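See structure below.
The values are calculated or read from the model by the stated rules, or taken from the named source; none is laboratory data. In this text the structure is predicted, and so the values were computed from the model without any measurement. Because the Cβ atoms are built from the backbone with ideal geometry, glycine has one as well, and the counts that use them run over all protein chains shown. Surface areas here come from the heavy atoms of the whole protein model, side chains and all, with no ligands, DNA or RNA. Shrake-Rupley method; radii C 1.70, N 1.55, O 1.52, S 1.80 Å.
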Amino acid sequence: MSNITIEQNNDKFRGMWTPNTFYRQDDMVFDGTSLWIALADFTSGATFDAANWFCPSCNDIFNDEYRLFY
């Protein structure tokens, strides 16, 4: 099992996810369970939509679809 290290970047960590909020690509939020990283600029809706986010603790970060470190 590999270790995952996520460095805190105060400019990108937005705290808890909130509805109807503008997020920029690479912004990070916490949903109470997992850390999520925005895939692109967007405004959140009334409910959390995982399609707009990448969850490094939920997925294999070394897959070909998205690289956390580039």
Scan region 21-51 for residues that are in contact (Cβ under 8 Å) with a residue 24 or more places away in the chain and of a type outside the set (Val, Ile, Thr) and report the count.
8
Matching residues, region 8-38, being part of a loop (DSSP other than H, G, I, E, B) and open to solvent by 90 Å² or more (accessible area, probe 1.4 Å):
8, 10, 11, 20, 24, 33
For region 49-65: of the residues being surrounded by 14 or more Cβ atoms within 10 Å (Cβ to Cβ) and at pLDDT below 95, which is farthest from residue 19 (Cα to Cα)?
61
